[in-house]
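Here's the structure we're looking at; comments come further down.
The values are calculated or read from the model by the stated rules, or taken from the named source; none is laboratory data. No experiment lies behind these values; they were computed from the predicted model shown. No Cβ is skipped: glycine too gets one built from the backbone with ideal geometry, and neighbour counts run over all protein chains shown. Quick note on the areas: whole protein, heavy atoms, side chains included, nothing else; ligands and nucleic acids left out. Shrake-Rupley method; radii C 1.70, N 1.55, O 1.52, S 1.80 Å.
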Amino acid sequence: MWRDAKDAFRGFGRTPAFTAAATLALGIAVGANATIFSLVDGLWLRPPAVSQPGRVVRLFQTTPESAEGLWSWPEYEALRDRATTLSGVVAIGRRGALMADTDGTPELLLVNAVSLDFFTVLGVTAGEGRLFAPSDAGALEAEPGIVLGHAFWRRRFGADPSIVGRRVTLGVSPGRPVTVLGVLPDAFRELDPASDRDIWMPVTTWTALHGREELAGRGNRWFQVVGRLAPSASAGAAASEIRALTAAFATDWPDTNAGRSARVVTDLSYRLSNGGANVYALMGLVLVVVLITCVNLAHLLLARAAARRRELALRAALGAGRRHLLRQLLVEAAVLGGFGAVAGLIIGAWLIRALPWFIVPAPGFRAFELFRADGRVVLFSLAVTALTTLLFGLAPAFSAARTRATALLKGGAGLTGSARADRTLGRVLVVAQIAVSLALVYSAAVLAQSFRAVERTDLGFSRAPRLTAWIPYGDLPAARLEEGARAVAALPGVTRVAVAIRAPLSLSGGGLATTVVVPGAEASTPPDVKYGAVSANYFDAMGVRILRGRGFTEAESHGGEPVAVVSQTFADRFFPGGEATGQVFQRGASRTPVRVVGVAADAAIVRVDEGPEPYFYVPYWTARTGEGTLLVEGGGDVAALGPSVRATLRATDASLEPRLLVTMAQYLAFAAGAYRTTAALAGTLGLIGLFLMAIGIYGVTTYQTTRRTREIGVRLAIGATRAQVMRLVLGDGGRLVVAGLAIGIPLAFVAGWTMTSLLFGVSPWSMVALGVAAAILVCAVFAATVIPAWRAARLSPSVALREG
């Protein structure tokens, strides 16, 4: 075996052009695989750095409207105290906190408020200092403490270990000092792969900073709940027990828990479901690139074996058996695979650095370091290399190992049949390559078409330039925010200012929701319906169409009878067959009656691709939300208004300091980010696959044309024109293209069908995308065959006959 390897190294050294081309082709495929795996792993698959992650499960509360509902703190405590199939249950509440920058500007930090036993149950240890535990309950109530995320510690404090034990101030004007207990290790960022958190604090610290009101109500649900399975328990047993517990909650607390159930999923299932079709589509597309590469390399090895057929026949004549020849050729393929693996890891490491370009970060927040060329990526790349080597090495090795010594003794006549078989195999591989390439390019085209549809879709509001300023002002009277809005409206360059709780498509997780009951049509379980509180000019400012009735008057905005503007879907669901305007519905646990004064067009709430759902608007200035968003409309670059908007609000009242200044264009880009990422990656893979296919067809056409040198010389000698020779070579390529398209079109439609869940506003059987893909493919094949055809046409008959 070692001698075969040394022979392989010497052989590849004698053919540097072949070795470089094969190594580059394989390196591109392996590098693309490593890059896409790093992306998929970073976004969805990487397990959390906790003890025994396979025993971690996610607990969700379910309703007819949601399969992944959150829990209130009292519900979490009941689960923690009653569940026997779980050895531990922890709660995670995602929140934000402010920390003043060096220039006094507040920075919004990502915070996890968690139960005291969070790190203990999950088995996370400190990187610096210590982590909080249940035994710290009393001490943390007296002196609040926090734990820093590792990336935040490096970025904000320069990885200074002396920060442990010191106090930092959270909040502004005046803020609250808290003690840094420790720093998390670099390996642990969050339970979700694509996330990171700046600060971790026990719920006791959160309540010390913000009060206990958020924990008091059973209906105040903002906690994710995660459990660790008991040693003898399964996820199914845990699911049955948690469903039984939620049924008991509905009996004990019918006002807040009637009609609610639960489900339990393993952490792996949860991560796979988050990735959904994206995982399979991206990995499938990159494996298609690998398949194209395998065909290319099989072509190259077939051509190399054909050139070495006399050498192999001589080896057979000297006593080398078929098994020995087969082993030698497979070892050569393995050595070539090793070259490709090294090149692929180098290319992959470089490409992984470019991955953040494909990801649209959350507006107003820094991008996380998600993608790494770590051990998982290396192991996956080596596995792909091994499979690829096996695939491209088998057919040429078996073909070449059939060489018979008698062929050499007969002067090569016996080689004709093998050559004919190799030529037939080569044509079959070319057709397969064209078919697979069409499916790949079609997938990229239909995904690009889908992204274009997302960018053009009607969102229910206008896309005019706007700057949003999110302001959580707490107990400050709303009149102060109204005063600040008027001051901002008076700024140069500002044309109009509206107010809402949150901007459409902002990072609000759906915003607020409340129960809705229509008198005379009470349901056993009143549905939760999302709503927004907006100023009277919101509908005109945002371009939300009022279909029937009217918007709010200024008088209604500041008091009087509770009124609402409902969406078209709300009207269709709760007032079917009738006019919603003038009707009354009841909202919230208090069943407050609300009169409908208008019906608005459906508008996007959280995502650009969401289906229409019931939604309603109430007057902002009577909502008493403690937070608001100014929607500042202006001409030109609205982002440039940010400093003056911040200064104006701060001058009005320090509590009106904006926490986030984000343009609506940024929110729109983030909302469409998943489609952009998938389309960009698929397009890149399509270009790589197209390039590899063209190179492969160029090599095959050149090889086949070289094998036909004598035939071409004869044709030229008996009067064939150079144009006829070009048509001969191009015609061969054309027939292969036709066969490849005939097989590739059904493959392309199958590929589109498998990606249905990734498409928006586009049929998976798009004739436009198919036409574009076929045209690109035909042009690529023509470019790959025209140069060999031109060379063949320029052959001198005498030279061709002599060399043939």
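Among the residues of the range 340-360, is there at least one that is more than 21 Å from Pro47 (Cα to Cα), assigned to a loop (DSSP other than H, G, I, E, B), open to solvent by less than 50 Å² (accessible area, probe 1.4 Å) and not basic (Lys, Arg)?
yes
Pick from Gly713, Gly696: which is small (Gly, Ala, Ser), assigned to a helix (DSSP H, G or I) and at pLDDT below 75? First the steps, then the outcome.
On the way: Gly696 fails: at pLDDT below 75.
Just one listed residue meets the conditions, Gly713.
When the range 28-58 is examined, which residues are found to be surrounded by fewer than 23 Cβ atoms within 10 Å (Cβ to Cβ) and of a type in the set (Gly, Ala, Ser)?
If the condition is that a residue be surrounded by fewer than 23 Cβ atoms within 10 Å (Cβ to Cβ) and of a type in the set (Gly, Ala, Ser), then Gly42, Ala49, Ser51, Gly54 are the ones that fit.
Would you point out the residue of the range 482-513, among those that are under 15 Å from Val662 (Cβ atoms) and among the polar types (S, T, N, Q), that is modelled with the lowest pLDDT?
Ser508
If you take the residues in the range 119-141 that are without any contact (Cβ under 8 Å) to a residue 60 or more places away in the chain, within 22 Å of Phe188 (Cα to Cα) and in a helix (DSSP H, G or I), which one is least open to solvent (accessible area, probe 1.4 Å)?
Among those that are without any contact (Cβ under 8 Å) to a residue 60 or more places away in the chain, within 22 Å of Phe188 (Cα to Cα) and in a helix (DSSP H, G or I), it is Phe119.
Looking at the range 432-452, which of the residues that are modelled with pLDDT under 90 and open to solvent by 10 Å² or more (accessible area, probe 1.4 Å) is nearest to the chain's Cα centre (by Cα)?
Val436
Going by the conditions given, is Pro477 open to solvent by 20 Å² or more (accessible area, probe 1.4 Å) and more than 36 Å from the chain's Cα centre (by Cα)? Let's see the steps before the verdict.
On the way: open to solvent by 20 Å² or more (accessible area, probe 1.4 Å): yes; more than 36 Å from the chain's Cα centre (by Cα): yes.
It is true that Pro477 is open to solvent by 20 Å² or more (accessible area, probe 1.4 Å) and more than 36 Å from the chain's Cα centre (by Cα).
Could you tell me how many of the residues in the range 193-213 are touching a residue at least 60 places away in the same chain (Cβ under 8 Å) and open to solvent by 20 Å² or more (accessible area, probe 1.4 Å)?
Residues of the range 193-213 touching a residue at least 60 places away in the same chain (Cβ under 8 Å): 193-206, 208-209.
If we keep only those that are open to solvent by 20 Å² or more (accessible area, probe 1.4 Å) as well, we get 193-195, 197, 204, 208-209.
Adding up the residues that qualify gives 7.
Taking the stated definitions as given, is Ser87 in a strand (DSSP E or B), open to solvent by 10 Å² or more (accessible area, probe 1.4 Å) and in contact with a helix residue (DSSP H, G or I) (Cβ under 9 Å, 6 or more places away or on another chain)? Working first, answer last.
On the way: in a strand (DSSP E or B): yes; open to solvent by 10 Å² or more (accessible area, probe 1.4 Å): yes; in contact with a helix residue (DSSP H, G or I) (Cβ under 9 Å, 6 or more places away or on another chain): yes.
Judged against the criteria, Ser87 is a match.
Considering (1) touching a helix residue (DSSP H, G or I) at 6+ places or on another chain (Cβ under 6 Å); (2) of a type outside the set (Val, Ile, Thr); (3) modelled with pLDDT of 85 or more; (4) part of a helix (DSSP H, G or I), say which one Phe760 fails and leave the rest.
(4)
May I ask you to list the residues in the range 530-585 that are assigned to a strand (DSSP E or B), free of Cβ contacts under 8 Å to residues at least 60 places away in the same chain, open to solvent by 20 Å² or more (accessible area, probe 1.4 Å) and closer than 25 Å to Leu630 by Cα?
Here is the first cut: in the range 530-585, the ones assigned to a strand (DSSP E or B) are 530-534, 546-549, 563-567, 584-585.
Filter again for free of Cβ contacts under 8 Å to residues at least 60 places away in the same chain, leaving 546-549, 563-567.
After this cut, where a residue has to be open to solvent by 20 Å² or more (accessible area, probe 1.4 Å) as well, the list is 546-549.
Within the range 530-585, Ile546, Leu547 meet the criteria.
Please count how many residues of the range 367-381 are free of Cβ contacts under 8 Å to residues at least 60 places away in the same chain and crowded, with 17+ Cβ neighbours inside 10 Å.
0
Pull out all pairs, ordered by first then second residue, where Cβ-Cβ is under 9 Å, the residues are six or more apart or on different chains, the first lies in the range 36-53 and is more than 17 Å from Ser269 (Cα to Cα) and in contact (Cβ under 8 Å) with a residue 12 or more places away in the chain, and the second is in a helix (DSSP H, G or I) and small (Gly, Ala, Ser).
That search, which allows pairs on different chains as well, returns Phe37/Gly348; Phe37/Ser381; Ser38/Gly348.
Which pairs have Cβ atoms under 9 Å, sit 6 or more apart or on different chains, and link a residue in the range 247-258 that is over 18 Å from Ser590 (Cβ atoms) to one that is of a type in the set (Asp, Glu) and surrounded by 14 or more Cβ atoms within 10 Å (Cβ to Cβ)?
Going by the 9 Å Cβ cut-off, the qualifying pairs are Phe249/Glu75.
What is the residue count in the range 151-173 for residues that are touching a strand residue (DSSP E or B) at 6+ places or on another chain (Cβ under 6 Å), free of Cβ contacts under 8 Å to residues at least 60 places away in the same chain and either outside any helix (DSSP H, G or I) or surrounded by fewer than 20 Cβ atoms within 10 Å (Cβ to Cβ) (or both)?
Qualifying residue count, the range 151-173: 5.
Conditions tested, residue by residue: (1) within 23 Å of Arg676 (Cα to Cα); (2) of a type in the set (Asp, Glu); (3) modelled with pLDDT of 80 or more.
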site: Asn257; (1), (2), (3): no, no, yes
site: Asp267; (1), (2), (3): no, yes, yes
site: Ala277; (1), (2), (3): yes, no, no
site: Tyr280; (1), (2), (3): yes, no, yes
site: Gly284; (1), (2), (3): yes, no, yes
site: Ile292; (1), (2), (3): no, no, yes
site: Ala298; (1), (2), (3): no, no, no
site: Arg304; (1), (2), (3): no, no, no
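It is to be established whether one or more residues within the range 96-109 are assigned to a helix (DSSP H, G or I) and either on the phi < 0 side of the Ramachandran plot or out of contact with any helix residue (DSSP H, G or I) (no Cβ under 7 Å at 6 or more places or on another chain) (or both). It would help to see each step written out before you state the result.
Going through the range 96-109, the residues assigned to a helix (DSSP H, G or I) turn out to be none.
No, every residue in the range 96-109 fails to be assigned to a helix (DSSP H, G or I) and either on the phi < 0 side of the Ramachandran plot or out of contact with any helix residue (DSSP H, G or I) (no Cβ under 7 Å at 6 or more places or on another chain) (or both).
For the range 622-659, how many residues are open to solvent by less than 40 Å² (accessible area, probe 1.4 Å) and part of a helix (DSSP H, G or I)?
So the answer is 8.
Among the residues in the range 21-36, are any of a type outside the set (Phe, Trp, Tyr) and on the phi > 0 side of the Ramachandran plot?
The first filter runs over the range 21-36 and keeps only residues of a type outside the set (Phe, Trp, Tyr), leaving 21-36.
Subset that is on the phi > 0 side of the Ramachandran plot: none.
Looking through the range 21-36, none of the residues is of a type outside the set (Phe, Trp, Tyr) and on the phi > 0 side of the Ramachandran plot.
Do any residues in the range 345-366 that are closer than 27 Å to Tyr667 by Cα have Cβ atoms under 7 Å from those of residues that are open to solvent by 40 Å² or more (accessible area, probe 1.4 Å) and part of a helix (DSSP H, G or I), where the two are at least six apart or on different chains, and which pairs are they?
These pairs meet every condition: Val360/Ala669; Val360/Phe670; Val360/Arg676; Ala362/Phe670; Pro363/Gln666; Pro363/Phe670.
Among the candidates Val606, Val599, which residue alone is modelled with pLDDT of 95 or more and either of a type in the set (Gly, Ala, Ser) or open to solvent by less than 60 Å² (accessible area, probe 1.4 Å) (or both)? Write out each step before concluding.
Numbers: Val606 fails: modelled with pLDDT of 95 or more.
Within the list Val606, Val599, the selection yields Val599.
Here are Pro177, Pro185, Pro193: which of them is within 32 Å of the chain's Cα centre (by Cα) and at pLDDT 85 or above?
Pro185
It is to be established whether one or more residues within the range 559-567 are of a type in the set (Ser, Thr, Tyr) and under 38 Å from the mean Cα position of the chain (by Cα). Reasoning before the result, please.
Taking the range 559-567 first, the residues of a type in the set (Ser, Thr, Tyr) are 567.
Okay, now just the ones that are also under 38 Å from the mean Cα position of the chain (by Cα), so 567.
For the range 559-567, residues of a type in the set (Ser, Thr, Tyr) and under 38 Å from the mean Cα position of the chain (by Cα): present.
Within the set of pairs 6+ apart or on separate chains, which have a first residue in the range 600-616 that is free of Cβ contacts under 8 Å to residues at least 12 places away in the same chain, a second that is not basic (Lys, Arg), and C-beta atoms under 6 Å apart?
none
Suppose the filter is farther than 21 Å from Val544 by Cβ and open to solvent by less than 30 Å² (accessible area, probe 1.4 Å); does Val518 pass it?
On the way: farther than 21 Å from Val544 by Cβ: yes; open to solvent by less than 30 Å² (accessible area, probe 1.4 Å): yes.
Against the criterion (farther than 21 Å from Val544 by Cβ and open to solvent by less than 30 Å² (accessible area, probe 1.4 Å)), Val518 qualifies.
So which residues in the range 41-53 are in contact with a Leu (Cβ under 6 Å, 6 or more places away or on another chain) and either within 22 Å of Val295 (Cα to Cα) or in a helix (DSSP H, G or I) (or both), if there are any at all? Can you show your working first?
Of all residues in the range 41-53, those in contact with a Leu (Cβ under 6 Å, 6 or more places away or on another chain) come to 42, 48, 50.
Answer for the range 41-53, where residues must be in contact with a Leu (Cβ under 6 Å, 6 or more places away or on another chain) and either within 22 Å of Val295 (Cα to Cα) or in a helix (DSSP H, G or I) (or both): just Gly42.
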